[in-house]
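To start, the structure under review is shown below, and the notes come after it.
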Amino acid sequence: MEKLIITAAICGAEVTKENNPNVPYTVEEIGREAEAAYKAGASIIHLHVREDDGTPTQDKERFRVCMEEIKKRCPDVIIQPSTGGAVGMSDEERLQPVELLPEMATLDCGTLNFGGDEIFVNTENTIKNFAKVMNEKNVKPEIEVFDKGMIDYAIRYAKEGYILEPMHFDFVLGVQMAATGRDLAFMVDSIPAGSTWTVAGVGRYEMPMAAMGIAMGGHVRVGFEDNVYLSKGVLAKSNGELVEKVVRIAKELGREIATPDEAREILGLKKK
């Protein structure tokens, strides 16, 4: 099997310090958490940013200073800004970090229920426009899919020329679609040959999905965005602790950990 790419989703847009006091908000805190994850073995930092009070924002300048802080601490790490932002943001708001020309950014390929009355909206035109902008700026999209139908959308848009192949998918399971071995295998079997994939299990599904992803030859995302606990009832002290747990599982299963440059080679990225 190829080496394991670990992505650390260090803060997200929804989780707060009330859920875990170690969730980062400030530029310094975001840099600290990225560094902890990187030193533990993460080669990609999946990045949302916050105002100092924890309010989620897609402001380009806030992303710029956070990315600079991360690069100061982790010079070779891959930074992958989110274009998902937070529920209710406009497309223009959400696309701002792509203007900073990161190596990667996320591309959500469908609309989903996000709890209560919240709906995370991604229309067909939104998806196509986001993909077009990323292509123009040479930013590789990570295709975020929350169910099988979103894979089908991505395949259709690739055939229409909006998404370039080979594609890299992130299966986010435990939100709209269940997180079981059957579900993960179904998703993996549904993507085009030559694609790469990562799995992110939400909440209590994080580590079971990580273990399955490692054993199946895929890649793994963990972090406070998806889960704030190290084990049942035990809050993680940092994103680094969650990455360290994945590294331990990987070593037991015989998977070596990819460095950022090895991750670039696997994903077909050119360092910027």
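The values are calculated or read from the model by the stated rules, or taken from the named source; none is laboratory data. What you are looking at is a predicted structure, and each value in this text was computed from that prediction instead of being measured. Cβ sites come from the backbone with ideal geometry, for glycine too, and all protein chains shown count toward neighbours. These area figures cover heavy atoms from the full protein model, side chains too; ligands, DNA and RNA do not enter into them. Shrake-Rupley method; radii C 1.70, N 1.55, O 1.52, S 1.80 Å.
Hey, what did the chain get for relative contact order, percent, Cα under 8 Å, at least 6 apart? Could you put the intermediate results ahead of the total?
Values: 550 pairs, mean separation 64.9, N = 272.
Result for the chain is 24 percent.
Here the chain is treated as an ellipsoid with the same Cα gyration tensor; its semi-axes, largest first and in whole Å, are 23, 22, 19.
Here the simple spin-label model places points 7 Å from the Cα toward Cβ, and for E28 and R156 these points are separated by 4.9 nm.
Available extension along the chain between A193 and K271 is 25.6 nm, counting 0.36 nm per residue and deducting the alpha carbon span. Apply the Debye scattering formula to region 1-64, with a single equal point scatterer on each alpha-carbon and no solvent, then give log10 I(q)/I(0) at q = 0.17, 0.23, 0.28, 0.29 Å⁻¹. Taken in order of the listed q values, log10 I(q)/I(0) reads -0.58, -0.95, -1.26, -1.32. Note on region 102-182: percent of Cα-Cα distances in each 10 Å bin, starting at 0 and stopping at the bin with the largest distance, equals 18, 51, 26, 5.
Taking each DSSP H run with n ≥ 4 as -39500 (n - 2.57) and averaging over every residue of the chain yields -11000 deg cm²/dmol at 222 nm. Quotient of the Cα radius of gyration of region 63-197 and 2.2 N^0.38 Å, N being its number of residues: 1.06.
Considering only the chain, what is the antiparallel percent among its DSSP beta bridges, to the nearest 5? Please report the intermediate quantities before stating the final value.
On the way: 6 of 34 bridges.
Counting only bridges with both partners in the chain, antiparallel ones make up about 20 percent.
Using a probe of 1.4 Å, the accessible surface attributed to E118 totals some 80 Å² when neighbouring protein chains are kept in position.
Taking a temperature of 37 °C and a viscosity of 0.692 mPa s, what whole-number D in µm²/s does Stokes-Einstein yield for region 1-149 with Rh from Kirkwood over alpha carbon pairs?
Working: Rh = 15.7 Å.
Answer from the Stokes-Einstein relation: 209 µm²/s.
Placing one equal scatterer on every Cα of region 160-266 and applying the Debye formula, the log10 ratio I(q)/I(0) at q = 0.12, 0.18 Å⁻¹ is -0.42, -0.92. Just the protein heavy atoms count here, and of the accessible area of region 6-267 at 1.4 Å, carbon and sulfur take up 50 percent. Each of G54, N22, S43 was placed along the dipole of region 17-57 (beta-carbon charges, centred on the mean Cα), and the one lying farthest toward the positive end is S43. Structure shown: which of K17/K232; K72/K245; K159/K251 lie over 29 Å apart, alpha-carbon to alpha-carbon? The answer is K159/K251. The charge dipole of region 6-267, taken about the Cα centre with unit charges on the Cβ atoms of Lys, Arg (+1) and Asp, Glu (-1), comes to about 640 debye, rounded to the nearest 20.
Measuring with a 1.4 Å probe in the full set of protein chains, what accessible area per residue, in whole Å², belongs to the chain?
Here the residues of the chain average 42 Å² of exposed surface.
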